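The values are calculated or read from the model by the stated rules, or taken from the named source; none is laboratory data. For clarity, every value in this text was computed on a predicted model and none was experimentally measured. Neighbour counts run over all protein chains shown; Cβ positions are idealised from the backbone, glycine included.
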Amino acid sequence: MAKKVPQDINQIFDDLDKLRDFCRDHGFRFIESDLYNPRMFVWQQYTKFLNGKNCKNNWDDEISRVRSGYKPNPRREVDKRT
């Protein structure tokens with residue numbers, strides 16, 4: 001499937017700003033190359049958001065981890081005395 005890229009340069013920069021705002025508001029990493037790329041998860045979630053469908057919000061997931069007392073397993077240190 002081909003990328004749908006608008007011809008107007010100003011529209012591209014406006015879309016980049018909107019994608020950046022979406023990434024900030026929903027907890028995604030902003031990468032400019034994800035714009036108009038239907039294979040990228042961030043772009044898929046952004047188009048869902050634009051169409052009014054449910055999209056993933058990473059901030060909600062992080063809040064639930066904090067409230068549940070989630071602690072990642074610390075790395076075990078290797079004993080170097082051999």
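Just to be sure before I move on: is Glu77 modelled with pLDDT under 95 and either part of a helix (DSSP H, G or I) or aromatic (Phe, Trp, Tyr) (or both) in the structure I sent?
It is false that Glu77 is modelled with pLDDT under 95 and either part of a helix (DSSP H, G or I) or aromatic (Phe, Trp, Tyr) (or both).
Scan segment 50-65 and report the pairs whose first residue is over 18 Å from Asp21 (Cα atoms) and surrounded by 12 or more Cβ atoms within 10 Å (Cβ to Cβ) and whose second residue is at pLDDT below 90 and not hydroxyl-bearing (Ser, Thr, Tyr), with Cβ atoms within less than 7 Å and a gap of 6+ or a chain change.
none
Return the total of residues in segment 25-40 being exposed (fewer than 11 other Cβ atoms within 10 Å of the Cβ) and either within 24 Å of Ile63 (Cα to Cα) or free of Cβ contacts under 8 Å to residues at least 12 places away in the same chain (or both).
So the answer is 3.
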